[in-house]
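These notes are about the structure you will find just below.
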Amino acid sequence: MNVRRIDPYAERIRRNRLHPRHQEFARPAWRWAGPNGVTRIDPHAIGALGPNGIRRIDRSGAVVETQPLASSPIESGPSRRMVVIDDPAGFVMVVPECPEGRLSDHDRDLFGLARQLADGQTLAVTAVTFQGAVAGLEEAGADRWIDLSATVDGDTHDPESRLAALVSVEAAMSPRHWLFADSFPGGGDLGRRLAARLSRSSSHGANARAATRVWQVAEGLALSRAGDRQDIQRELPRILLALPECAKPVSETRHEARLVSIDAAGSKTSDMTAVGVVDLGRVAVDPQQIPLSQAPFILSGGRGVGDWAGFHHAAEVLGASEGASRVAVDDGNMPRARQVGATGTFVFASCYIAVGISGAVQHLQGIAKCQRVVAINRDPGCDMVKRADLALIADGDAVLAAVCERLGQPRAAEPSEAVSEAGSGALSKEERYHDAA
Amino acid sequence: MTPPDAAACPVVALVSSGRHPVSGRPGRAREDARAVEMGLTLAGARLQLVHAGNAEEPVLRDYLGMYHGLDDAAAQGELALLPMTPADDAVLLLATWLAESGCRLVLAGQRAECGEGSGLLPYLLAERLGWTIVSGAATIERIDADRVTLLQVLPQGQRRRLEVSLPCLITVDTLAPPPRQSAFGPARRGRIQVVDGLTAEEDSASGEWRWQPARARPKRLKIVKSGNARDRFRAAAARSSAGGQVLTDLTPEQAADRLIAYLREEKILSEEKILGDEMP
Ligand SMILES: Cc1cc2nc3c(=O)[nH]c(=O)nc-3n(C[C@H](O)[C@H](O)[C@H](O)COP(=O)(O)OP(=O)(O)OC[C@H]3O[C@@H](n4cnc5c(N)ncnc54)[C@H](O)[C@@H]3O)c2cc1C
């Protein structure tokens, strides 16, 4: 993989002590005799940097030579085996949710479950997507791919036309199994609709009823969560709605995801009498009303925030929910309900901005599941900066003020108000929080 | 928001017995109670409750106890009970009853807390009746003669506005407004009306299932698949985060630019904000 290249020219200079550029190429001496005859050792010159950037000293005398971290082979991963199924005995349909047009972890687990059902019986795992251009289906484990983006609009919520498209796929391919992600209002809704539709038309006997909240499939039996702390074990039904982590995602093989076209166009609007559900679009939600544990975007402040009014203004401008470290809460700058961390709320935001928070373990526990962390801090050595995907070493208040200015809504536009409010401001702010919390 | 025209449209809520998530004690089911709350705010005392099951179920009185604080102070709850045994199929009974009752809007929880708890019942009912179904409602905004406008719960605290044609079945999410308390007086006064003349059929699908106490789901471990031991050790010993970008010596303005650029790149900050009307 990594071939160590030797520069013969440099080697020669290193060996020749009389060469005029010998000092440049020679490794620094790590042990020498001092003026009084005492042996001096330079600890920085011994050993070599290990793969994690930690200096390793090998006292056995062996030469340690390692490459820097960047070329570590972990990321590249072992190469996957290609699997092609040309002549399948049947099909296992997977309908991934694809939030934001990408496969989620839940979707990959579904494909893993589908492979578990398909392997050994030469069934072809078929992905059915409503958005075009979904990436990564080959690695996820799809042998075939039905792209319904031509018949169904993937961006609006239109469960009835999606159902019609799935019914036409069912008629064309009569697959062994259908797999959905059991989550509302996506796959859980669509899967139940399909289950209800097929339960009327077909006579599949005992395993016609869909299994919901399936969390394990072993030896041809599906284990699904029922109400009241019970599990149900039953024969594999045709339609399975599975929970996250129902199976391991595919990691060793790669599949072809060959496009299959289905004549679904006929069903598009032919027998659709009246549209029952019309999507009127997303509603703007006040970010402060979203429970902290669900908020997608959080601006969090700690002891390093001095200008709290500016902080609230920045949260409003950015459209972020507000969070706080425990110190900020204990100091009375934020309400208790906004505390993030071990004794506060565990958050699952896709973006978390920490302003003036040092990153104590209790705080980092609370943000362990956040996808992207941005730290704004004055101290480049603090733990939050180590955790962050992007760390800005600057003064928190000034950065937030500059952000508001750049976004065209500086707070300075209302200075007189802010000053006059300062006296009574504490109370009105309190009230505002109680509404939010 | 226009006041919903409730008289034109009778509202029915499906209720079932629930279990407390921690103590396991019987009580109102969380989602069903929210459905009843939603029905009471829409239709007041004209909300009709339905339950298919055991007539002696004590929890049914808890739902009837929610008929208070309404415009009509003397109002009392009414619950239609369709008797059946736990082994029977509720879909058939409910579908027959709903078809006869002439109602056009049915509210229910997303999933029962006892029994199979699959959340399939509303869908099977809607399919049998030929009605529209919508899942995960947070609020009903308005009702016209033939359409309902509602907000649907999406992940990450988001909401979507949907327009649904009547007759329809709406399932209610746990994020809907919390239910009012159940009071003793209204619970005593409420009437439970046993509906005779419907014959229940046994649920054939569930005959061969094996029920067992729920097992804890295994935690997924991080497994590193690699050919040689050195890589496996390295992956196990490596710090979890590879470390991000650290930018020093920035003026606040530069830092702000970097932050905005990053947020735009990750599509968290859109160029133009969604300027919809606010949620009520
Ligand atoms: C049992 C227990 C439970 C706890 N639970 C929690 C919990 O749930 N949540 C929680 O958050 N904490 C919790 N803590 C407290 C936690 O240990 C820390 O004390 C706390 O998180 C520190 O908060 P901080 O980062 O805001 O303050 P500090 O640690 O004081 O950090 C302030 C940071 O701001 C930076 N800063 C200062 N001025 C500026 C400026 N002008 N611009 C930019 N940066 C600046 C500093 O460099 C420093 O990094 C708990 C503690 C205990 C003992």
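The values are calculated or read from the model by the stated rules, or taken from the named source; none is laboratory data. None of these values were measured; they are calculated from a predicted model. Methodologically, a virtual Cβ is constructed for each residue, glycine included, from the backbone with ideal geometry; neighbour enumeration extends over all protein chains shown. Only protein heavy atoms, including side chains, enter the accessible area calculation; ligands, DNA and RNA are left aside. Shrake-Rupley method; radii C 1.70, N 1.55, O 1.52, S 1.80 Å.
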A:ALA26's amide H: which non-local residues (gap 5+, or another chain) put their own amide H closer than 5 Å, with H modeled 1.01 Å from N in plane and none for Pro or chain starts?
-> none
When chain B is treated as a GNM, springs tying every alpha-carbon pair under 10 Å, which of B:SER204, B:SER16, B:SER182 comes out with the largest mean-square fluctuation?
-> B:SER204
Roughly how many debye, to the nearest 20, is the charge dipole of the protein assembly as shown about its Cα centre, given +1 on each Lys and Arg Cβ, -1 on each Asp and Glu Cβ, and no other charges?
-> 3680 debye
Looking only at B:GLY157, B:GLY102, B:GLY69, which one moves most when chain B is put into a Gaussian network model with springs between Cα atoms under 10 Å?
-> B:GLY157
So what are the ³J(HN,Hα) numbers for the range B:63-73, from phi and the Karplus equation (6.51, -1.76, 1.60; θ = phi - 60°), rounded to whole Hz, Gly and Pro as x?
-> 5, 5, x, 8, 7, 8, x, 9, 4, 8, 5
Cβ-derived FRET efficiency at R0 35 Å, A:ARG55 paired with A:ARG102, nearest 0.05 | 0.30
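Determine, for each peptide in A:212-220, B:70-78, the mean count of other beta carbons within 10 angstrom over its residues, then list the peptides with the highest first. Can you show the working numbers first?
Values: A:212-220: 17.7, B:70-78: 14.3.
So the order, starting with the most tightly packed, is A:212-220, B:70-78.
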Per residue, accessible area of the protein assembly as shown with a 1.4 Å probe, heavy atoms of protein chains only, in Å², comes to 51 Å²
Can you tell me the Rg and Dmax of the range A:79-270, counting just the alpha carbons, in angstroms?
-> 15.5, 47
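Calculate the FRET efficiency for A:ALA171 and B:SER204 from the Cβ-Cβ distance with a Förster distance of 30 Å, rounded to the nearest 0.05.
Numbers: r = 25 Å, r/R0 = 0.84.
Given R0 = 30 Å and the Cβ-Cβ separation, E is 0.75.
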Other-chain or far-sequence residues with amide H under 5 Å of A:LEU123's (modelled H) = A:ALA89
Would you calculate a helix-derived [θ] at 222 nm for the protein assembly as shown, using -39,500 (n - 2.57) for each DSSP H run of n ≥ 4 and dividing by the full residue count, to the nearest 500?
-> -8000 deg cm²/dmol
If you count, for every residue in A:157-165, the Cβ atoms of partner chains within 10 Å of its Cβ, what is the mean?
-> 1
Furthest towards positive pole of dipole, A:GLY37, A:LEU18, A:GLY53, structure part the range A:8-56, Cβ charges = A:LEU18
Chains B and A: buried accessible surface, both sides, probe 1.4 Å, rounded to 100 Å²?
-> 8000 Å²
Taking every C-alpha to C-alpha distance in the protein assembly as shown and binning by 20 Å from 0, the per-bin percentages run 14, 40, 33, 10, 3, 0
Inter-centroid distance (Cα atoms) of the range A:179-250 relative to the range B:123-198, Å | 24 Å
To the nearest 10 square angstrom, what accessible area does A:ILE46 show with a 1.4 Å probe?
-> 20 Å²
Amide hydrogen neighbours beyond the local backbone of A:ILE146, cut-off 5 Å, H modeled | A:ALA127, A:VAL128, A:THR129, A:VAL260
log10 I(q)/I(0) for the range A:8-56, Debye formula on C-alpha points only (no solvent), q = 0.23 Å⁻¹, two decimals, reads -0.90
Given 25 °C and 0.890 mPa s, how large is the Stokes-Einstein diffusion coefficient of the range B:11-204 in µm²/s, with Rh as the Kirkwood radius over Cα pairs?
-> 146 µm²/s
Which of the peptides A:333-343, A:238-248 is most tightly packed, and how do the rest follow, going by the mean number of other Cβ atoms within 10 Å of each residue?
-> A:238-248, A:333-343
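What does the highest-first list of A:294-304, A:366-376 look like by mean Cβ count within 10 Å?
Going by the mean number of other Cβ atoms within 10 Å, highest first, we get A:294-304, A:366-376.
What percent does the relative contact order of the range A:79-270 come to when contacts are Cα pairs within less than 8 Å and at least six residues apart?
On the way: 400 pairs, mean separation 59.2, N = 192.
Over the range A:79-270, the number comes to 31 percent.
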Among A:PHE297, A:MET334, A:ALA398, which residue has its Cα positioned farthest towards the positive end of the charge dipole of the range A:287-432, with +1 placed on the Cβ of Lys and Arg, -1 on the Cβ of Asp and Glu, and the dipole taken about the Cα centre?
-> A:PHE297
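To the nearest 20 debye, what charge dipole does the range A:1-41 have about its Cα centre, counting +1 at the Cβ of each Lys and Arg and -1 at the Cβ of each Asp and Glu?
On the way: 10 positive and 3 negative charges, 17 e Å.
Here the size comes out at about 80 debye.
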Enumerate the calculated ³J(HN,Hα) couplings along the range A:214-231 in order (Karplus 6.51 cos²θ - 1.76 cosθ + 1.60, θ = phi - 60°), each rounded to whole Hz, writing x wherever the residue is Gly or Pro.
-> 6, 10, 7, 10, 9, 6, x, 10, 9, 10, 10, 6, 10, x, 6, 6, 10, 10
What is the calculated FRET efficiency for A:ARG31 to A:GLN365, with r their C-beta to C-beta distance and R₀ = 30 Å, to the nearest 0.05?
-> 0.10
Karplus 3J(HN,Hα) series, Hz, for the range A:132-144 with 6.51 cos²θ - 1.76 cosθ + 1.60 (x for Gly, Pro) = x, 6, 8, 8, x, 5, 5, 6, 5, x, 9, 7, 10
Other chains' Cβ within 10 Å of B:161-168 residues: what's the mean?
-> 4
A:GLN233 paired with B:THR248, simple spin-label distance in nm, labels 7 Å along Cα-to-beta-carbon | 6.0 nm
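Using a 10 Å cut-off on Cβ to Cβ distances, tally the other chain neighbours for every residue of B:126-134 and report the average as a whole number. Before the final figure, lay out the partial values.
On the way: counts 4, 8, 3, 0, 0, 1, 6, 8, 6.
Counting Cβ atoms of other protein chains within 10 Å of each residue's Cβ and averaging gives 4.
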Once you charge only the Cβ atoms, +1 for Lys and Arg and -1 for Asp and Glu, what is the size of the charge dipole of the range B:1-120 about its Cα centre, to the nearest 20 debye?
-> 280 debye
Could you work out which residue, out of B:TRP131, B:TRP209, B:TRP97, moves most in a Gaussian network model of chain B, that is, has the largest mean-square fluctuation with Cα springs under 10 Å?
-> B:TRP209
The protein assembly as shown - share of DSSP beta bridges that are antiparallel (%, nearest 5) | 35 percent
